[in-house]
Amino acid sequence: MLPLRLRRSLTAAGLCLLLVAVLHKNILHQGHLSSGSCEVVMMDRDSSQPRRTIARQTARCACRTGQIAGTVRARPACVDVDIVSSRQWCLMGPCLDREGCHLLVNQSGWTCTQPGGRVKTTTVS
């Protein structure tokens, strides 16, 4: 009988240690992004001016080598570093489908023009 009780208690202790190890690993890795992905960590909207809304967002990205945080289809994403270094913003495809992308004159950002005429301007800081 003693060996059976000893086996059961050792099995229970082993399961407890395994559970603690799995929980510890999940707690440590929460908040880590998978490679090549982004998430929005802060968003702020200012509608104090008539007919104009200023939106600011901060994203956190875990990009692969040769990539940097950018925008694809109005969402944060990892893009090739060459696009950002050459300031050819429209090459990353920042606008939604059916929107036209145009560089600002000083290449500090881009505009997305919707079919109805509404224009969204994005500047890079």
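The values are calculated or read from the model by the stated rules, or taken from the named source; none is laboratory data. Since the model is a prediction, treat every value here as computed from it, not as a measurement. Every residue, glycine among them, receives a Cβ derived from its backbone with ideal geometry; neighbour counts consider all protein chains shown. The area values use the complete protein model at the heavy-atom level, side chains included, leaving out ligands, DNA and RNA. Shrake-Rupley method; radii C 1.70, N 1.55, O 1.52, S 1.80 Å.
Note the full-extension length gain between ARG60 and CYS90 as 0.36 nm times their separation in residues minus their Cα-Cα distance, in nm to one decimal.
Working: separation 30, 0.36 × 30 = 10.80 nm, distance 2.10 nm.
Net length gain for the segment: 8.7 nm.
How large is ³J(HN,Hα), in whole Hz, for each residue of segment 86-97 in order, when computed from phi with the Karplus curve 6.51 cos²θ - 1.76 cosθ + 1.60 and θ = phi - 60°, using x for Gly and Pro?
Per residue, the Karplus-derived 3J(HN,Hα) values read 8, 6, 9, 4, 5, 5, 7, x, x, 8, 6, 4 Hz.
Karplus couplings for segment 115-125 from phi (6.51 cos²θ - 1.76 cosθ + 1.60, θ = phi - 60°), rounded to Hz, Gly and Pro as x?
x, x, x, 5, 10, 10, 9, 10, 10, 9, 10
Write out the trypsin sites (Lys or Arg not before Pro) in segment 47-125 meeting two conditions: DSSP loop, and at most 15 other Cβ atoms within 10 Å of their Cβ. Please list the in-between numbers first.
On the way: sites: ARG51, ARG52, ARG56, ARG60, ARG64, ARG73, ARG87, ARG98, ARG118, LYS120; in loops: ARG51, ARG52, ARG64, ARG73, ARG87, ARG98, ARG118.
Those satisfying the criteria are ARG51, ARG52, ARG64, ARG73, ARG87, ARG98, ARG118.
Quick one: accessible surface of VAL105, probe radius 1.4 Å, all protein chains present, in square angstrom to the nearest 10.
Here the accessible area works out near 150 Å².
When Lys and Arg each count +1 and Asp and Glu each count -1, what net charge do the other residues less than 14 Å away from GLU39, Cβ to Cβ, add up to? Present the calculation step by step, with values, prior to reporting the outcome.
On the way: positive: ARG60, ARG75; negative: none.
The answer is +2.
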